[in-house]
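Every number in this text was worked out from the coordinates using simple rules, so none of it is lab data. Given the structure is predicted, the values throughout are model-derived calculations rather than measurements. Ideal geometry is used to build each Cβ from the backbone, glycine not excepted, and the neighbour counts take in all protein chains shown.
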Amino acid sequence: MSKSKNKKTAKLERGNANKRLAENRYAKFQYEILETLETGIELLGTEVKSIRAGNTNLRDGFCLIRKGELHLHNVHIARIKNAGSFFNHDPLRVRKLLAHRKEIEKLDGKVNKKGLSLIPLSIHLKGSWIKILIGLGKGRKLHDKRENEKRKEQNKEIKKAIARL
């Protein structure tokens, strides 16, 4: 009986292994994503609890490279209500992202030469680790956004027409 219980628990853990905790859908509208990179993130204990509860906002977030380190700015991770004021974290603090030096240097070169931006796209679980997916994006102009919306509308209409047949 205990073996079957352990198998069920293991299955549940595997099911949550790649669970998306937060997503920045607005970034895909504002930027054309050219390249992505999955990194770790340096967090405090109360931040981990808050992220797992889904209390994260990536919308205004961005990444900067300073002194060879990758930092995440302006991402709001809500405070935990039950933690005391001493143990709780600052919701908008700057967090260090964990990536290999070569990856950071490669991103730094692209950001400086081409004028691209680093944007957080999503936060997800990978096993028991919290990972963040950052994207190298080029800002879209207004006419590009309109063109993209028209294309999406046309695809929807085509799918509806095919479904009716």
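How long, wide and thick is segment 77-152, going by the Cα atoms along their three principal axes, in whole angstroms, largest first?
The Cα atoms of segment 77-152 stretch 49, 35, 25 Å along the principal axes, largest first.
In what sequence do 110, 160 fall when counting other Cβ within 10 Å, fewest first?
Listed from fewest to most nearby Cβ atoms, that is 160, 110.
Would you mind calculating the relative contact order of the chain from Cα pairs under 8 angstrom and at least 6 residues apart, reporting the percent as a whole number? Write down the numbers at each step before the final one.
Details: 256 pairs, mean separation 49.9, N = 165.
After rounding, I find 30 percent.
Can you compute log10 of I(q)/I(0) for the chain with the Debye formula, treating each Cα as one identical point scatterer, at q = 0.10, 0.11, 0.17 Å⁻¹?
So the normalised log intensities are -0.51, -0.60, -1.05.
Based on DSSP H runs of at least 4 residues, each adding -39500 (n - 2.57), what is the mean residue ellipticity at 222 nm of the chain after dividing by all its residues, to the nearest 500 deg cm²/dmol?
That comes out to -12500 deg cm²/dmol.
Any of 114/150; 49/126; 28/67; 19/126 with alpha carbons more than 19 Å apart? Name them for me.
114/150; 28/67
Would you mind ranking 117, 122, 50 by Cβ crowding within 10 Å, fewest neighbours first?
By the 10 Å Cβ count, ascending, the order reads 117, 122, 50.
Show which aspartates and glutamates lie in cross-link reach of residue 156 when reach means a straight Cα distance below 19 angstrom and same-chain residues fewer than eight apart are skipped.
Within the straight-line limit of under 19 Å, residue 156 reaches these aspartates and glutamates: 144, 147.
What distance in nm lies between label points placed 7 Å from Cα along the C-beta direction at residue 102 and residue 34?
Label at residue 102, label at residue 34, 2.1 nm between them.
Please state the charge dipole magnitude for the chain, taken about the Cα centre, from unit charges on C-beta atoms (+1 on K and R, -1 on D and E), reported in debye and rounded to the nearest 20.
720
Which of the helices in the chain meet the span-like rule: DSSP H, Cα axial reach of 30 Å or more, Kyte-Doolittle mean at least 1.0? Please report the intermediate quantities before stating the final value.
Values: long enough: 142-164 (34 Å, -2.25).
For the chain, where a helix must reach 30 Å along its axis and average at least 1.0, there are no hits.
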